[in-house]
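FYI, it's all coordinate maths here, none of it is from the lab. Source: prediction; values computed, not measured. Note: ideal-geometry Cβ built from the backbone for every residue, glycine included; neighbour counts use all protein chains shown.
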Amino acid sequence: MEKPVIQLRNIVRNFPLGSQTVYVLKDIDLDIMEGEYVALMGPSGSGKSTLMNLLGCLDTPTSGSYNLANQDVSDMTDDQLADIRNREIGFVFQTFNLIPRQTALQNVALPLVYAGIGKADRLQRAAEVLADVGLDDRMDHQPNQLSGGQRQRVAIARALVNKPSMILADEPTGNLDSETSAEIMKQFDAIHAQGNTLIVVTHEEEIAQHAKRIIRLKDGRVESDTKTL
């Protein structure tokens, strides 16, 4: 029986703006199952960035409940959110977010530092994951010695290193040319094939078509939720 890794119930997110209130997310219900590959789409102002921040435990809802990997994260403190982010979520960003003066290996090992894992084990695990994304010959290179595609693969390896409950990718091909984008999406397809739960936030239809399910937001609500072939 499939089990949800994510359960959102009646999620509302408002932001005060002067004397006004901006209603960004309106009563969202959503289940994402373990091992699903989901694309999250929507025009500017649809609420997809806000929803991504909630899913990534970078923000908490105004009301409603969010259950991630059987833990209610709706009312967690900042410290608790930071802990669950490090354990349960692997992030991949459009801008890679690598530390410039560290090698690929050191960048990938970083989440394991916060997890309290010893240096030898950290480096071994980081090396294994870099090999998985085809970068075993680039481990000692710093980000400025790597191409955009290689930097994004380092970021993907860093997202995978903690064996998280889900990978959350925000416009992961936004800074890449079309050929490199295709390579990165092949990498995501392979990650999904290994059983990982994957959520890709994108405004590009071509990227979204890699997913097995596309959720479209409009005006803070789920407009459509469809399975792809």
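Glu223 versus Ala115, label points 7 Å from Cα toward the beta carbon: distance in nm?
Taking the two extended label points, one gets 3.8 nm.
Would you compute the Debye intensity of the chain from its alpha-carbon atoms alone, equal scatterers and no solvent, and pass along log10 I(q)/I(0) at q = 0.10 Å⁻¹ to two decimals?
-0.46
Pull out a ≥ b ≥ c, the square roots of the eigenvalues of the alpha-carbon gyration tensor of region 1-61, then state rounded if a/c is under 1.5, prolate if not and a/b is larger than b/c, and oblate in the remaining case.
Details: a/c = 2.66, a/b = 2.02, b/c = 1.32.
Here region 1-61 falls in the prolate category.
Using 0.36 nm per residue, how much length does the chain from Glu179 to Gln80 gain when fully extended, once their Cα-Cα distance is taken away? Don't skip to the end; give the middle numbers.
Working: separation 99, 0.36 × 99 = 35.64 nm, distance 3.96 nm.
Residue separation times 0.36 nm, minus the Cα-Cα distance, leaves 31.7 nm.
Between region 6-61 and region 180-228, how many Å separate their Cα centres?
Result: 16 Å between the Cα centres.
What list of ³J(HN,Hα) values in whole Hz, one per residue of region 211-217 in order, does the Karplus curve 6.51 cos²θ - 1.76 cosθ + 1.60 (θ = phi - 60°) give from phi, with Gly and Pro shown as x?
6, 9, 8, 10, 9, 10, 9
Calculate the FRET efficiency for Ser65 and Asp189 from the Cβ-Cβ distance with a Förster distance of 25 Å, rounded to the nearest 0.05.
Numbers: r = 32 Å, r/R0 = 1.28.
Once rounded, the FRET efficiency stands at 0.20.
Tell me, what is the percent relative contact order of region 4-227, built from C-alpha pairs under 8 Å that lie six or more residues apart?
RCO, region 4-227: 29 percent.
Please work out the Cα center distance from region 143-166 to region 81-103, rounded to the nearest Å.
Using only Cα atoms to place each centre, the spacing works out to 9 Å.
Rounded to the nearest 5, what % of the DSSP beta bridges within the chain are antiparallel ones? Let's see the in-between values first.
Details: 23 of 41 bridges.
For the chain, the DSSP antiparallel bridge percentage is about 55.
Please give me the summed charge of the neighbours of Tyr23: other residues whose Cβ is under 11 Å from its Cβ, Lys and Arg +1, Asp and Glu -1.
Values: positive: Arg13, Lys26, Arg221; negative: Asp27, Asp219.
Overall, the nearby charge balance is +1.
Under 5 Å between amide H atoms, partner at least 5 residues away or on a different chain: which partners does Ala169 have, H built in plane at 1.01 Å?
HN-HN under 5 Å from Ala169: Val92, Ile199, Val200, Val201.
Within region 138-181, what residues put their amide N at less than 19 Å from the label point 7 Å along the Cα-to-Cβ vector of Glu204?
147-157, 168-181
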